[in-house]
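A short write-up of the structure that comes next.
The values are calculated or read from the model by the stated rules, or taken from the named source; none is laboratory data. On a predicted model such as this, the values are computed, not experimentally measured, just so you know. Backbone-built Cβ (ideal geometry, glycine too); neighbour counts: all protein chains shown. For accessibility, only protein heavy atoms count, side chains too; no ligands or nucleic acids. Shrake-Rupley method; radii C 1.70, N 1.55, O 1.52, S 1.80 Å.
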Amino acid sequence: GYPLPNPTIGEAVLEASLALQVLDKQDGDVLFVHQLFQEYFAARAICSTPAPELAQTAWRATDMSPSLQQTLETLADFEPLPPTPATGWEETFMLAAEMLDSPVAFINALAEVNLPLAGRCAALVNAVETNNPLPVKEGRGMSTFSQQLRQKLLVRSRDPKADLRARIAAAYALGELGDPRFQQVQGPQGVYLLPPMVAVKGGVYTLGSDEGLEKDEAPAHPVQINPFSIGQFPVTNAEWRCFQEGGGYDDECWWETAEAKRWQRGENTGEGAKQQDRDVRQWLRDDPGKIQELLNKKAITSKNAEDLKFYRDASDAEFDARLAEWYPPGRQTKPRFWNDPAFNAPALPVVGVCWYEARAYCAWLTAQTGQVYRLPTEAEWEAAARGLPRRRWWLGPDKPRTYAWGERFDPARCNSFESHLRGTSPIGIFPAGDSPEGIADLSGNVWEWTGSLYVGYPYHRGDGREDAEAGAARVVRGGSWGGFARRCRSAYRYYYQPDDRYSVAGFRCARVQS
């Protein structure tokens with residue numbers, strides 16, 4: 001405890017603090033019972049006598065306890081994989097890092113025992129320095145050190161020996177600190193992040209499948225693809241923030257078609273999504289046993305089942321009221337889930353963006369860079385995911401890849417329903433799921449918008465399916481965190497209405513090669 005302050009100075013503050021239960025009073029002493037006070041004083045002690053071992057955590061899969069598999073076995077079907085176990089010292093060390101005049105040595109020692117926490121501390125210090133109108137204190141020396149820390153976090157987020165939870169933690173911290181894979185550039189429309197791109201060779205690719213799994217995949221047929229480049233990752237929240245803060249929603253020039261301009265002005269936003277939900281409602285009503293069938297197949301969680309029961313059983317008035325809540329009318333100026341902590345971290349793919357928004361971003365990025373960015377066609381997307389077949393004289397051509405990495409599904413290679421993350425994951429944390437060409441997250445994580453209309457096969461580019469003016473459903477590819485393995489196949493086709501804004505849908509850019 002501390003002696004009571006002079007009543008003429010602090011009586012009002014003291015009484016208010018006692019009423020709010022921030023402080024307590026006992027035997028003439030003031031007790032700092034609130035956790036924030038305790039963390040503050042603990043941080044002061046840590047500053048004077050650093051003890052990084054207090055925050056030590058395991059990160060290798062072989063050292064984690066409980067193991068990933070043991071943790072998964074304890075979860076209900078709807079529960080997401082929890083993060084790495086906390087030490088209880090996280091907030092204290094972050095406060096201490098802010099207090100220090102020269103935090104580099106402190107954070108560097110912390111990085112040896114808890115790399116993600118060190119990254120979060122560095123990001124916090126950098127944010128304070130960036131927003132501080134006063135000169136930065138001498139000796140903090142964060143710039144070079146932060147670059148080194150970014151590289152360590154990047155390596156950890158891609159380390160096959162690291163537990164999945166440790167890779168996720170490192171990737172989140174990397175997103176806060178600034179991902180070095182994205183170059184920050186000052187463009188004519190403001191700051192933007194230049195995405196890493198992967199070249200896709202031109203050639204004759206196989207599109208579709210004759211496996212008989214889905215009617216709309218057939219027939220398998222050859223398609224000539226011109227060389228192009230595709231984003232190594234889906235577009236992230238960090239990238240999207242540049243577009244949003246640069247006035248991307250306000251400037252009509254990025255919204256190139258008549259339908260897109262109407263959406264940008266706030267006319268009939270969400271009408272297509274409402275109709276799609278009504279179609280789901282009718283589908284469930286036509287087959288009352290469908291929900292139980294999906295549960296039996298483990299295609300949905302028990303929480304999903306309760307949500308679908310609302311679709312099926314709610315009155316028309318209740319359902320229409322919920323649609324109005326989900327898809328508010330009027331002008332939209334941010335992604336649907338932009339303020340949701342489950343989906344808005346910098347390292348996560350941006351979700352809750354419709355087809356019009358994705359195309360507007362591509363137009364804006366084109367103006368920023370002077371190179372032509374756009375959504376990939378569905379043929380280009382599948383070419384990137386399945387690869388150009390090699391022809392070997394003794395075996396003939398290779399079979400196109402079933403998944404981005406190869407033939408066999410493995411939940412350890414992607415974020416799908418089977419992976420149990422139950423939400424989007426930071427880009428690139430499944431290195432074993434990369435395509436051989438080095439493209440990440442093509443299977444799972446988020447459905448990805450393409451430029452193509454959802455029409456039948458065989459594919460012909462000149463048949464109008466790439467008409468941007470048509471307001472019909474557009475193809476999405478790749479599966480998502482909410483979809484099971486079958487939907488993560490490279491040949492699987494799905495669709496959304498162009499104004500749909502779902503938590504399972506994002507996009508990646510393609511770039512035209514000059």
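Only helices enter the 222 nm calculation for the chain: every DSSP H run of n ≥ 4 contributes -39,500 (n - 2.57), and dividing by all residues gives -11000 deg cm²/dmol, rounded to 500. Per-residue accessible area (protein heavy atoms, 1.4 Å probe) orders MET99, MET197, MET64 as MET99, MET197, MET64, starting from the largest. A simple count of charges around GLU267, restricted to other residues whose Cβ falls under 10 Å of its Cβ and scoring Lys, Arg +1 and Asp, Glu -1, yields +2. Highest mean packing first, where packing is the average number of other Cβ atoms within 10 Å per residue, the peptides 462-471, 476-485 line up as 476-485, 462-471.
With protein chains left intact and a 1.4 Å probe, residues in the chain average 47 Å² of accessible area per residue. Seen from a random direction on average, the alpha-carbon convex hull of region 248-403 projects onto 14.5 square nanometres. The VAL372 and CYS253 beta-carbon pair, evaluated with R₀ = 25 Å, returns a calculated FRET efficiency of approximately 0.95.
Computed from label points 7 Å out along Cα-Cβ, the spacing between ARG44 and SER302 is 4.9 nm. An ellipsoid equivalent to region 217-270, defined through the eigenvalues of its Cα gyration tensor, has semi-axes of 30, 19, 12 Å when rounded to whole angstrom and sorted largest first. Against the chain, whose longest principal axis is taken from its Cα atoms, helix 316-326 shows a tilt of about 70°.
In terms of the mean number of neighbouring beta-carbon atoms within 10 Å, the peptides 176-187, 227-238, 374-385, 305-316 order highest first as 374-385, 227-238, 176-187, 305-316. For region 163-211, pairs of C-alpha atoms spaced more than 18 angstrom apart make up 62 percent of the total.
Taking the accessible area of the chain, probe 1.4 Å, and keeping the other protein chains in place, the carbon and sulfur fraction comes to 52%. Using a simple spin-label model with pseudo-atoms 7 Å out from Cα toward Cβ, GLN26 and GLU214 lie 6.3 nm apart.
Between GLN56 and GLN148, the simple label model (points 7 Å from Cα in the Cβ direction) yields a spacing of 2.2 nm.
For region 216-333, count all C-alpha to C-alpha pairs, find those more than 16 Å apart, and express that count as a whole percent of the total. Roughly 76 percent, rounded to a whole number.
Three principal axis extents describe the C-alpha atoms of region 333-427; from largest down they are 57, 39, 18 Å.
I need the fraction of alpha carbon pairs in region 394-440 separated by more than 18 Å, rounded to a whole percent. Within region 394-440, distances greater than 18 Å cover 34 percent of Cα pairs. For the chain, the longest principal axis of the alpha carbon atoms and the long axis of helix 302-313 meet at an angle near 60°. Rg of the Cα atoms in the chain, relative to 2.2 N^0.38 Å, amounts to 1.10.
Shown for region 49-129 is the translational diffusion coefficient from the Stokes-Einstein equation, using the Kirkwood radius over Cα pairs, a temperature of 37 °C and a viscosity of 0.692 mPa s: 234 µm²/s.
Suppose accessible area is computed on protein heavy atoms with a 1.4 Å probe; arrange ARG390, ARG486 from highest to lowest.
Ranked list, largest accessible area first: ARG390, ARG486.
With no solvent and one equal point scatterer placed on each C-alpha of region 359-514, evaluate the Debye formula and give log10 I(q)/I(0) for q = 0.19 Å⁻¹, two decimals. Here the Debye-derived log intensity ratios amount to -1.23. From the square roots a ≥ b ≥ c of the eigenvalues of the alpha-carbon gyration tensor of region 160-262, which class results: rounded (a/c under 1.5), prolate (a/b over b/c), or oblate? Oblate, because a/c is 1.5 or more while a/b does not exceed b/c.
In region 302-379, the ratio of gyration radius to Kirkwood radius, Rg to Rh, stands at 1.10 when only Cα atoms are counted. Taking the Cα atoms only, what angle lies between the long axis of helix 90-99 and the longest principal axis of the chain, rounded to 10 degrees? Computed tilt is about 70 degrees. Between GLN292 and ASN226, the FRET efficiency estimated from the beta carbon spacing at R0 = 51 angstrom works out to 0.60.
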